[in-house]
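Before any comments, here is the structure.
The values are calculated or read from the model by the stated rules, or taken from the named source; none is laboratory data. The structure displayed is predicted, hence computed values, not measured ones. Using ideal geometry, Cβ is built from the backbone for each residue, glycine included, and neighbour counts are taken over all protein chains shown.
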Amino acid sequence: MRPGAGARSYINNFGTSSLADTCRVEYDSRVPAQHSSLDNYLRAVRFERPDCIPVTFHINAACWRHYPHDRLFDLMEAHSLLFPAFRRPDDPFVPQIPPVARRDEPYTDDWGCVWETREDGITGVVTRHPLADWDDFARYKAPDPVRCTGIGPVDWAGERARIADAKQSGRAAIGGLRHGHTFLQLCDIRGYEGLTYDMADGEPRLWALIEMVETFNAAIVRRYLEAGANVMAYPENLGMQNGPMLSPEHFRTYVKPSYQRLMVPAREAGAVVHMHADGHLHALIDDIIEGGVQVINLQDLVNGIDWIAERFAGRVCVELDIDRQLVTPHGTPAEIDALVREEVEAIGSPSGGLMMVYGLYPGVPLGNVEALMDAMERYATHYS
């Protein structure tokens, strides 16, 4: 995994209408809540008294190698709010593992970055950076947004059909950039150390690389908006366990302007702007929100429940990424229930402004998984 408190997912994971979709990729906390109607979702975003708190539960593909399938199926069947379209498969289930999460199979993405992982289902790290040496920049080319998202192929006809189906069904029609679209993409291309030195040294070629990445991203945003997306997601990881991955000054200089330009078309189209960032965000949060973010997805205990409540409750909708480090893997079912209730009461309100999401990884006792699913469903209607 990358530096920081969270994981990074492979590519768009827009629906959970089937078991394969539910488990398609490593946990993708950047995806807005799936199981809520568009009306309920928008009322949560706008503080207009939603019927319930939108909740989402993702199962990482590696889990299917660590837990008995029947036990996971039983839990999914017993929690219809979290898995409303789930149907137990008749045939043995084989999870779809994306190329960046396949053990012993190095994968070269659309930007020329080489990914490797040690466990099937867990997104790897970039081990070879295509621009580790600036001397190669003259020959370096951006990928084609007509054919790919930057980390894998895209079927735009299929995406248009998916968005149309979501709108026809009264669900949020979600478009978005891949996880790690700007800052992490620059890290992948140059290497984290190389990029931070570039920023500190004022490397002039960095501006041309940023423009190349932003132009590619803008084309992806444009295509999703043209397809009719009414929610646009902009996922990055910007924090580590105790602070940001780059200084606030460097964020404001090199990253924030791209974020703001990429979000303008979504705001002008009337789409909800959803931003995900893992890690400790205290030093960057004001600059992140300033670009017009309407839903901020961030981690609970890493940032602190009281801090999140103080900064956002009643003002900006929070999609809370429930703890995966302490309480859910190591606590008791009672402690898990108490955590979810505390978060709902501290950050939520009858008016809305709260969504909740959890990503399951191997190592969490199944009793705790059940307790968390129970709590998420129980407190989703806490204010109803």
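Observations on the model:
- Annotation note: Cβ proximity below 7 Å between a residue of region 121-140 that is over 27 Å from ARG65 (Cβ atoms) and a residue that is of a type in the set (Ser, Thr, Tyr) (sequence gap 6+ or interchain) occurs for PRO130/TYR140; LEU131/TYR140.
- Flag: GLY239 matches the condition of being within 14 Å of PHE183 (Cα to Cα), in contact (Cβ under 8 Å) with a residue 40 or more places away in the chain and not aliphatic (A, V, I, L, M).
- Number of the condition not met by ILE288 [criteria: (1) in a helix (DSSP H, G or I); (2) free of Cβ contacts under 8 Å to residues at least 40 places away in the same chain; (3) not hydroxyl-bearing (Ser, Thr, Tyr)]: (2)
- Residue within region 111-122 that is over 21 Å from the mean Cα position of the chain (by Cα), within 26 Å of VAL293 (Cβ to Cβ) and of a type outside the set (Phe, Trp, Tyr) present: no
- Among the residues of region 55-71, those identified as farther than 16 Å from LEU372 by Cβ and either touching a residue at least 24 places away in the same chain (Cβ under 8 Å) or of a type in the set (A, V, I, L, M, F, W, C) (or both) are ALA61, ALA62, TRP64, ARG65, HIS66, HIS69.
Residue-wise test of (1) buried (at least 23 other Cβ atoms within 10 Å of the Cβ); (2) under 16 Å from the mean Cα position of the chain (by Cα); (3) closer than 22 Å to LEU184 by Cα.
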position	(1), (2), (3)
ALA229	yes, no, no
PRO235	yes, yes, yes
MET245	yes, no, yes
ASP278	yes, yes, yes
GLU290	no, no, yes
LEU298	yes, yes, yes
TRP307	no, no, no
VAL318	yes, yes, no
PRO329	no, no, no
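- If the condition is being within 30 Å of SER37 (Cβ to Cβ) and assigned to a strand (DSSP E or B), then region 185-242 contributes VAL231, MET232, ALA233, TYR234, PRO235, GLU236, ASN237.
- Within region 169-185, being more than 17 Å from LEU42 (Cβ to Cβ) and among the polar types (S, T, N, Q) holds for THR182, GLN185.
- Scanning region 152-176 for residues that are in a loop (DSSP other than H, G, I, E, B), in contact with a strand residue (DSSP E or B) (Cβ under 6 Å, 6 or more places away or on another chain) and closer than 18 Å to ASN217 by Cα turns up just one, VAL154.
- Test for GLU249: is it under 19 Å from TRP156 (Cα atoms), free of Cβ contacts under 8 Å to residues at least 12 places away in the same chain and either surrounded by fewer than 21 Cβ atoms within 10 Å (Cβ to Cβ) or under 16 Å from the mean Cα position of the chain (by Cα) (or both): no
- Selection status of ASN297, in contact with a Lys or Arg (Cβ under 7 Å, 6 or more places away or on another chain), polar (S, T, N, Q) and within 27 Å of MET245 (Cα to Cα): yes
- Selected residue [within 20 Å of VAL273 (Cα to Cα) and touching a residue at least 12 places away in the same chain (Cβ under 8 Å)] from VAL316, VAL364, VAL340: VAL316
- Within the set ASP70, ASP74, ASP110, the sole residue that is among the charged types (D, E, K, R) and in a loop (DSSP other than H, G, I, E, B) turns out to be ASP110.
- If you go through region 133-151 and keep only what is of a type outside the set (Val, Ile, Thr) and either in a helix (DSSP H, G or I) or buried (at least 18 other Cβ atoms within 10 Å of the Cβ) (or both), you end up with TRP134, ASP135, ASP136, PHE137, ALA138, ARG139, PRO145, CYS148, GLY150.
- Some residue of region 280-295 being within 19 Å of ASP51 (Cβ to Cβ) and modelled with pLDDT of 95 or more: yes
- Of all residues in region 15-38, none satisfies being closer than 30 Å to VAL273 by Cα, touching a Ser or Thr at 6+ places or on another chain (Cβ under 6 Å) and modelled with pLDDT of 95 or more.
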